[in-house]
Amino acid sequence: MEGPCVASSLGATMRTSGGRICAVVELPPLKPKPGLNGRSINLFDIRARSWTMTFMNERKIGKARVTKRRDVRIHADLWHTANCLLDAGQRDIKASAHQFRASLIFRAFYLEAFLNWLGQHLIPHWSYLERLNPREKLDLLNDLIHVTPNYGAPPWQIVKDLFGFRNYLAHGKPESSATESMEALDEYLDEKLGRMSQTEWERFGTEGNAVKAKEDIEKIATLLYKKAKVKHDGPLGPFSFGFQIHSAQL
């Protein structure tokens, strides 16, 4: 609790401080006392004659029952994260390889999450099919909505590469890398010797592949959403965030 509100004989006032109402009552002056050179002055012993009157503010604050219902579309968040990582890598070349790898991983996360979202709108008890891998889920939904993919050509070709990359990093193991090439005997040879031999997953995690994955997955998701003709509440589209409904009841 805050310290008391001090009332002195300087005057009658009232003020509010920290939720408390402080009343200051005027006190009568003391009798004149002899002063210097025979003059009389009125002194108020404020410390001795101060009164303290503190009253708690008894105003009651009502309460409201707040309810919220949110439609969370995790695939939209994963898509946005993949885009942010790609943009960050393109803005700053320093250590950008890490941004591009992460963007590819989240792009794969998006596709599987989107398939789960689409599947629950099309197939009852979709949760029973959670054990299927992403490619199997994709094939099942393609059959259901009459889409015939060509995994040997864009945009469908990215599916195998993207999930292969994702799975390899998710279950990473030690490995050795060996390469052999014919190089010209020129002033750049020493620089080429100093370059690290790269694994397959390192060669895949480039800006070009991150951009290509975004473009191809966008085409696939848009096609699946359009052909599925799902009916749902909230914003439309395969990349739209969900929504929230809230209310307050007195």
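Values quoted throughout were computed directly from the atomic coordinates according to the rules given, and no laboratory measurement underlies them. Just so it is clear, the structure is predicted and the values come from calculations on it, not from any experiment. Heads up, the Cβs are rebuilt from the backbone with ideal geometry, glycines too, and the neighbour counts pull from every protein chain shown.
Our estimate of slack between Lys94 and Tyr151, defined as 0.36 nm per intervening residue step minus the Cα-Cα distance, is 17.1 nm.
The order of Tyr128, Tyr151, Tyr110, going from fewest to most other C-beta atoms within 10 Å of their C-beta, is Tyr128, Tyr151, Tyr110.
Can you give the relative contact order of region 149-240 as a percent, counting alpha carbon pairs under 8 Å and 6+ residues apart? Don't skip to the answer; put the middle values down first.
Details: 32 pairs, mean separation 31.2, N = 92.
Reported relative contact order: 34 percent.
Applying 1/(1 + (r/R0)^6) with R0 = 22 Å to the Cβ-Cβ distance of Asp71 and Tyr128, what FRET efficiency is obtained, to the nearest 0.05? Mind dumping the intermediate values first?
Working: r = 22 Å, r/R0 = 1.02.
Efficiency at R0 = 22 Å is approximately 0.45.
Using the Cβ-Cβ distance between Ala184 and Gln120 with R0 = 51 Å, the FRET efficiency computed as 1/(1 + (r/R0)^6) comes to roughly 0.35. Remark: the Lys226-Gln249 segment gains 4.3 nm on full extension, using 0.36 nm per residue and subtracting the alpha carbon distance. With each label modelled as a point 7 angstrom along the Cα→C-beta vector, the Trp201-His171 pair spans 1.1 nm. When the pairs Lys160/Lys214; Lys68/Lys229; Lys160/Lys226; Lys68/Lys219; Lys160/Lys212 are compared against a 25 Å limit on Cα-Cα distance, Lys68/Lys229; Lys68/Lys219 fall above it.
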